[in-house]
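Asker: Okay, here's the structure, questions in a sec.
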Amino acid sequence: MTLTPEQLDALAGRCLMVDVEGPALSEEEAARLQKMRVRAVCLFRRNVPDAASTRRLAADLKRALGDDVLIGLDQEGGGVMRTLFLPQAPAAMALAAVGDAELARKVGGAVARGLKSLGVNWNFAPVLDLNNNPANPVIGERAFGADPVRAAQLARAWMEGHLAEGVACCVKHFPGHGDTHTDSHLDLPVVDKPQAELRDYELAPFKALSAHAPALMSAHIRFPSLDPEWPATLSPAILTGLLRRELGFRGVAITDALNMKAIRERWGQAAGSVQTLKAGADLALVLQFPEEMEASFEALRAALQSGELAQARLEEAAERVDALIRRYPSRDDYAYAAEQRAADEALFADAWRRALTPYGEVPTLPAGQRLRLVVQDQAPSDGVSEAGLSASKLVAALSHRHALEVVRFQQRAALNWSTLPQDGVFTVLASTTRERYGRREQQSWKPDLHLALWNPYAAADIAAPALISYGFADAALDAVSRRLAGEIAAAGRLPVALGQPYQEQ
């Protein structure tokens with residue numbers, strides 16, 4: 001059957017998810033989305049400055065596109081929380097350090113309540129990647145640890161709590177992003193492991209949750225033993241053969257962002273969109289460049305018209321997305337009551353406190369003691385997470401209980417540890433970025449105590465006892481301050497092996 005232009009537009013647009021520029025939907029953007037027949041929009045930090053603006057944007061999107069829309073974002077917890085005005089949930093590894101599935105379930109529900117109040121109906125979480133590579137530049141505390149069985153249990157509990165509040169989840173990054181040295185935002189990672197190893201380890205959490213997850217996100221990683229040609233996002237062998245036929249997954253499969261260099265610099269977003277739909281994905285996530293969004297739409301139309309893409313394939317994809325929207329509609333009638341919000345904030349604060357983990361013998365420093373704090377002035381975003389912790393915010397948190405002499409540096413290379421005063425003042429190094437420490441710092445930086453406030457693996461790089469928080473939310477910093485003064489214990493347990501000090505690749 002020959003498709004009409006209207007049918008081509010509808011099928012192509014229903015298989016794209018795009019983004020918008022800011023917190024308000026412009027007339028030009030609304031017209032573009034309508035022309036492309038899009039009904040799925042991904043939000044980022046720039047779109048969600050506050051609750052009122054986010055609710056207005058959700059309402060504007062529904063006015064432009066209709067009520068049957070998907071409004072999604074990344075709200076994992078820890079450093080990946082797009083809405084900084086909502087209670088700050090603990091990172092996955094923090095929950096793993098506590099090891100309480102019921103706590104994970106409650107946290108998942110609380111995260112969903114905040115999103116539901118904004119009109120958001122799809123959350124790209126939880127992470128099912130496993131921590132089997134300490135040098136991984138992008139996963140770290142975003143994952144539920146190294147043990148596949150325990151990680152799956154905690155992720156399932158988190159997901160069940162979240163789904164019970166009526167907001168969809170999306171497990172990621174299939175078939176596993178844990179064992180990479182490369183960030184797919186920057187290049188195409190390759191995980192060259194035998195199939196048997198992948199099936200026993202990386203795939204185990206996805207297999208355990210495939211019947212329960214309403215959606216899944218693919219990884220821009222090449223697995224030669226699974227497909228010698230295509231990365232997972234573009235691979236029929238992985239997205240159809242492995243995911244659909246072998247694991248029996250029936251939910252929505254969405255790509256990771258196609259503007260990431262792993263895909264965009266090799267195939268481009270338009271060709272990538274066609275290939276991923278051919279491979280078995282249901283939504284191509286095309287971001288950042290409006291002209292590439294339109295080009296992807298046109299490429300899908302052309303592929304349908306030529307027969308490169310089968311009509312049945314896109315109808316199948318669209319029906320899966322329709323089913324997700326029907327089950328998890330965008331709400332405009334849920335108010336996040338002050339009492340409920342306060343309870344959720346208390347829940348998160350308790351989780352951050354329980355997760356606090358000692359590495360080595362962490363001393364108690366009586367309140368009022370003078371400390372020398374060595375900290376980077378401003379920690380940048382790593383491109384996935386929000387901006388890291390500023391020195392000023394950390395100083396404010398620790399000053400509640402201790403007198404601080406602060407040594408700030410802009411970049412690590414600018415700090416010569418030997419120039420610090422040798423006067424016996426207890427010296428605390430705070431790690432506020434995801435970055436690991438190189439040989440220079442490992443050999444010459446000699447703090448009395450290390451606060452690993454973002455990447456827990458950094459604790460292995462510095463020869464000092466460490467206090468690990470898995471994140472830098474206000475409640476996490478308050479727990480660190482209280483532990484330093486001896487007011488609380490640090491009872492968390494590392495759910496990973498930190499390994500040896502980092503070796504530059």
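Asker: Looking at (1) surrounded by fewer than 24 Cβ atoms within 10 Å (Cβ to Cβ); (2) within 29 Å of residue 160 (Cα to Cα), can you tell me which one residue 294 breaks?
Answerer: (2)
Per-residue answers, yes or no, for (1) within 19 Å of residue 139 (Cβ to Cβ); (2) touching a residue at least 12 places away in the same chain (Cβ under 8 Å); (3) in contact with a Lys or Arg (Cβ under 9 Å, 6 or more places away or on another chain):
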{"residue": "197", "(1), (2), (3)": "yes, no, no"}
{"residue": "217", "(1), (2), (3)": "yes, yes, yes"}
{"residue": "239", "(1), (2), (3)": "no, yes, no"}
{"residue": "244", "(1), (2), (3)": "no, yes, yes"}
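Asker: Of everything in the range 65-102 that's part of a helix (DSSP H, G or I) and open to solvent by less than 20 Å² (accessible area, probe 1.4 Å), which residue is nearest to residue 327 (Cα to Cα)?
Answerer: Among those that are part of a helix (DSSP H, G or I) and open to solvent by less than 20 Å² (accessible area, probe 1.4 Å), it is 92.
Asker: Now for a different question. Does at least one position in the range 363-370 carry a residue that is open to solvent by less than 30 Å² (accessible area, probe 1.4 Å), within 30 Å of residue 492 (Cα to Cα) and touching a Leu at 6+ places or on another chain (Cβ under 9 Å)?
Answerer: Yes, the conditions are met somewhere in the range 363-370.
Asker: Taking residue 105 as meeting all but one of (1) open to solvent by 10 Å² or more (accessible area, probe 1.4 Å); (2) within 21 Å of residue 343 (Cα to Cα); (3) in a loop (DSSP other than H, G, I, E, B), write down the number of the exception.
Answerer: The one condition residue 105 does not meet is (3).
Asker: I'd like the full set of residues that are at pLDDT 95 or above and over 15 Å from residue 431 (Cα atoms), limited to the range 384-396.
Answerer: 396
Asker: So, one more: Tell me which residues, restricted to the range 314-339, are of a type in the set (A, V, I, L, M), more than 14 Å from residue 251 (Cα to Cα) and buried (at least 17 other Cβ atoms within 10 Å of the Cβ).
Answerer: 314
Asker: Report every pair of residues separated by at least 6 positions or lying on different chains whose Cβ atoms are under 6 Å apart, first residue within the range 457-479 and outside any helix (DSSP H, G or I), second acidic (Asp, Glu) and surrounded by fewer than 22 Cβ atoms within 10 Å (Cβ to Cβ).
Answerer: From residues that are outside any helix (DSSP H, G or I), the pairs are 465/361.
Asker: Could you tell me whether the range 402-424 includes any residue that is within 25 Å of the chain's Cα centre (by Cα) and basic (Lys, Arg)?
Answerer: Scanning the range 402-424 turns up no residue that is within 25 Å of the chain's Cα centre (by Cα) and basic (Lys, Arg).
Asker: Checking the structure you have, find out if any residue of the range 248-260 is under 22 Å from residue 194 (Cβ atoms), in the same structural domain as residue 187 (by the TED database), of a type outside the set (A, V, I, L, M, F, W, C) and open to solvent by 10 Å² or more (accessible area, probe 1.4 Å).
Answerer: Scanning the range 248-260 turns up no residue that is under 22 Å from residue 194 (Cβ atoms), in the same structural domain as residue 187 (by the TED database), of a type outside the set (A, V, I, L, M, F, W, C) and open to solvent by 10 Å² or more (accessible area, probe 1.4 Å).
The values are calculated or read from the model by the stated rules, or taken from the named source; none is laboratory data. In this text, all values refer to a predicted model and were calculated from it rather than measured experimentally. Positions of Cβ are generated from backbone atoms using ideal geometry, with glycine treated the same way; all protein chains shown enter the neighbour counts. Protein only, heavy atoms only, side chains kept; ligands, DNA and RNA dropped before computing areas. Shrake-Rupley method; radii C 1.70, N 1.55, O 1.52, S 1.80 Å.
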